[in-house]
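Step one of this worksheet: look at the structure below.
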Amino acid sequence: MLSASTAQTGGIVLLTVVAIAFGGTFLLRVATAGVPTNDLQKSFFRAGHAHAGVLVILGLVATLYVDLAGVEGMWSTLTNGILVAAILMPAGFFLSVIGRDPQRPSRVVGLVWLGALSLTIGVISAGLGLLMV
């Protein structure tokens with residue numbers, strides 16, 4: 001049976017899909033020239049949106065697997081790194097190219113790398129936790 005904390009996390013994460021869907025409408029406006037952007041912004045906005053959607057799904061699936069398998073302790077807790085990455089990576093992509101016609105990403109792009117680290121820790125923890133059950 002699903003734990004209460006996992007059910008609550010799942011509910012919260014599923015509600016974030018509304019924000020991801022809104023991001024899709026923003027991308028549609030970018031693609032139809034409704035929002036003026038340069039090529040760097042277009043590619044970073046696409047990457048941010050894609051990472052948000054994929055990582056939210058991966059985070060939900062991993063959280064379910066870990067909870068239903070009865071993984072506890074450090075392995076279970078560190079699995080949340082996947083969901084943290086679902087925040088950090090898209091934020092890095094979107095926020096690093098804000099402004100008029102940026103020619104390169106700002107230092108905020110470092111959030112992408114922090115997210116990659118968080119993702120790596122989360123996926124390894126989930127995998128090892130599941131293997132040790």
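Computed from the coordinates I sent, Rg and Dmax of the Cα atoms in Å equals one of (i) 14.3, 39; (ii) 16.6, 52; (iii) 32.1, 104. Tell me the label. Recomputing Rg and Dmax of the Cα atoms in Å here gives the entry labelled (ii).
For the chain, the longest principal axis of the Cα atoms and the long axis of helix 4-31 meet at an angle of about 20 degrees. Across the range 31-133, the mean sequence separation of Cα contacts (distance under 8 Å, 6 or more residues apart), normalised by length, yields a relative contact order of 36 percent.
For the range 4-19 versus the range 103-127, the inter-centroid distance based on Cα atoms is 21 Å.
With R₀ set to 22 Å, the beta-carbon distance separating ALA50 from THR16 gives a calculated FRET efficiency near 0.90.
Axis of helix 39-69 versus longest Cα principal axis of the chain: the two differ by about 10°, to the nearest ten degrees.
Listed highest first by mean packing, meaning other Cβ atoms within 10 Å per residue, what order do 15-24, 34-43, 111-120 come in? Don't skip to the end; give the middle numbers.
Details: 15-24: 12.4, 34-43: 13.9, 111-120: 18.2.
Output ranking for 15-24, 34-43, 111-120: 111-120, 34-43, 15-24.
Helices in the chain, meaning DSSP H runs of at least 4 residues, each add -39500 (n - 2.57). Divided by all residues, the mean residue ellipticity at 222 nm is -26000 deg cm²/dmol. For the range 72-110, the list of chymotrypsin sites (Phe, Trp or Tyr not before Pro) that fall in a loop by DSSP and count at most 15 other C-beta atoms within 10 angstrom is empty. For the range 4-131, the dipole from Cβ point charges (+1 on Lys and Arg, -1 on Asp and Glu) about the Cα centre works out to 480 debye, to the nearest 20.
The numbers here are math on the coordinates, done by the rules we state, and not lab data. Every value quoted in this text rests on a predicted model; they were computed, and no experiment measured them. Cβ atoms come from the backbone with ideal geometry, glycine included; neighbour counts cover every protein chain shown.
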